[in-house]
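Student: One structure, pasted below without further comment.
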Amino acid sequence: MAYPALLSIFEELGPPEVIKRSSQPLPVSVVKIVVGQMLSGAAAATIYRRLEKLYLEEGIEGPHLLKDKSLRSAGLSTAKTKAIRGFADAHAREPERFEAWKRCSYDELKKDATRLWGLSSWSASILALSHFGMTDVWPSEDGSIQRAVRIIRQSIEPEFQADKAAPYRTYLAKMLWAALDNSLLTDQPRNR
């Protein structure tokens, strides 16, 4: 085991779900990721439910095709609206570019995705692990991951390095998110 000091946390969480490719359309995943940037999961889910209601009412194939006014009325900022519009326009113009993302390595995906306005390295990492099911993605820009690493280094394993989990760093990230969500990693000292 790469992280014996974290064994009790991992055992409490149980085995992780097998990571697999999402069945939802790429534009839906991209919109969900853009919506979730810099927001809590609950706030992002609320906004996405509004978007879903709007596009279903309008009878269009996805939230990326909503007009700017509809995106804004659902609670999206001007910047997030611009990011979604930029993606939607590029997706319509260059469908083969986005089809090729299915076959890209993580580095290739990150390089191309971040060429789109409003998609960051964080966005690319979340897309790689949640949509494309890549198993060796370490979302180092994610605030929750940064918090988990800080807690681990301060109170459990000072020499913690995510690279020890390669080629399965996505599983490590998912376990750390779950540990935070279940209060198994907190700023409070853990009873051993």
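The values are calculated or read from the model by the stated rules, or taken from the named source; none is laboratory data. Treat the numbers as computed from the prediction; the structure is a model and nothing was measured. Note that each Cβ is placed from the backbone with ideal geometry, even for glycine, and that neighbours are counted across all protein chains shown. Heavy atoms of the whole protein, side chains included, go into the accessibility calculation; ligands, DNA and RNA do not. Shrake-Rupley method; radii C 1.70, N 1.55, O 1.52, S 1.80 Å.
Student: What dipole magnitude, in Debye to the nearest 20, does the range 26-131 give about its Cα centre under +1 on Lys/Arg Cβ and -1 on Asp/Glu Cβ?
Tutor: Result for the range 26-131 is approximately 320 debye, rounded to the nearest 20.
Student: With the convex hull built on the Cα atoms of the range 26-131, state its orientation-averaged projected area in nm².
Tutor: 6.1 nm²
Student: Let me ask something additional. Just the number: Rg to Rh for the chain, Cα atoms, Kirkwood Rh, two decimals.
Tutor: When Rh is taken as the Kirkwood radius, the ratio is 1.01.
Student: Of all accessible surface on the range 82-166 at a 1.4 Å probe, what whole percent is carbon and sulfur?
Tutor: The C+S portion of the solvent-accessible surface of the range 82-166 is 49 percent.
Student: Treating only the Cβ atoms of Lys and Arg (+1) and Asp and Glu (-1) as charged, compute the dipole magnitude of the chain about its Cα centre; round to the nearest 20 debye.
Tutor: Once rounded to the nearest 20, the dipole reads 440 debye.
Student: Same structure, new question: Give the accessible surface of the range 26-131 per residue, rounded to a whole number of Å², with probe radius 1.4 Å and ligands, DNA and RNA excluded.
Tutor: Spelled out: the 1.4 Å probe surface of the range 26-131, per residue, equals 51 Å².
Student: Then there's this: Could you sort 143-152, 54-63, 121-130 so that the peptide with the highest average Cβ count within 10 Å comes first and the rest follow in order?
Tutor: So the peptides 143-152, 54-63, 121-130, ranked by packing, come out 121-130, 143-152, 54-63.
Student: Going by amide H atoms built from the backbone, whose H comes under 5 Å of the H on L185, apart from near neighbours?
Tutor: L180
Student: Under 5 Å between amide H atoms, partner at least 5 residues away or on a different chain: which partners does S22 have, H built in plane at 1.01 Å?
Tutor: F132, G133
Student: As I understand it, the dipole of the chain uses +1 on the Cβ of Lys and Arg and -1 on the Cβ of Asp and Glu, about the Cα centre. Which of L51, S22, A2 lies farthest toward its positive end?
Tutor: L51
Student: Still on this structure, I have one more. Kindly write out, for the range 82-92 in residue order, the coupling ³J(HN,Hα) from the Karplus curve 6.51 cos²θ - 1.76 cosθ + 1.60 (θ = phi - 60°), rounded to whole Hz, with x marking Gly and Pro.
Tutor: Values per residue, Gly and Pro as x: 4, 5, 5, 4, x, 4, 4, 5, 5, 4, 5 Hz.
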